[in-house]
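Visitor: Quick one: the structure is below, questions incoming.
The values are calculated or read from the model by the stated rules, or taken from the named source; none is laboratory data. None of these values were measured; they are calculated from a predicted model. Methodologically, a virtual Cβ is constructed for each residue, glycine included, from the backbone with ideal geometry; neighbour enumeration extends over all protein chains shown.
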Amino acid sequence: MSGRPARARLGGVHSDLDNLLVTFNEGTDLACVLVSASYLDDALAQLLEGYLIRGKTSTRLLETDGAIGGMGVRADVAYSLGLLSKPHYCNCRTVAEVRNLFAHTHKPLGFTDEPALSAVRRLQLPSLQGGDPDGIIARMAEDPRAHYTMVAAALCTQVLNLGLTVERRCSPEARW
């Protein structure tokens, strides 16, 4: 485990959780998607930073223009290293897809518009301990924005929690 306290390792991402929740509740669909995807991207970067050996190479890889500087590839690497489960990975990739749909159009786009609606419907809702006996979560998830925000909030929180428990890799001893 890293020598730094868990909160220090998570830095600003952890303290910005309140801002993310305000955006979910008060922001436009565009703001909701862009802020949550950016938050998730940062959480993935910090998860990987906590796992990789310390040094300039790891830092360079994780920079925005580095080899693992994009959200999609960060999710790919985290999944390939066994840091993310398959459902978490699929949701990360879908959040990235939704972000790209919103970010790369000049036309107004909302959660109820295609192709965003189809992508949001592919997001896997988190499992609840004890299930959803009253069907509250299922009813809420019928609204595409609520579906997206429930998944994105749970996903961001879970990636942050993984960052609290990940063990840093150590550089192997040189035997040359």
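Visitor: Please go through the range 45-80 and pick out each residue that is among the β-branched types (V, I, T), outside any helix (DSSP H, G or I) and touching a Leu at 6+ places or on another chain (Cβ under 7 Å).
Guide: I68
Visitor: Go through the range 108-144 and give me each residue that's more than 19 Å from C90 (Cα to Cα) and either surrounded by 12 or more Cβ atoms within 10 Å (Cβ to Cβ) or modelled with pLDDT of 95 or more (or both).
Guide: Looking only at the range 108-144, we keep the residues that are more than 19 Å from C90 (Cα to Cα), and these are 108-110, 112-114, 129-140, 142-143.
Hits for the range 108-144 are L109, G110, T112, D113, E114, D132, I137, M140, D143.
Visitor: Could you tell me which residue of the range 49-102 is nearest to L155 (Cα to Cα), considering only residues that are of a type in the set (K, R) and within 12 Å of the chain's Cα centre (by Cα)?
Guide: R93
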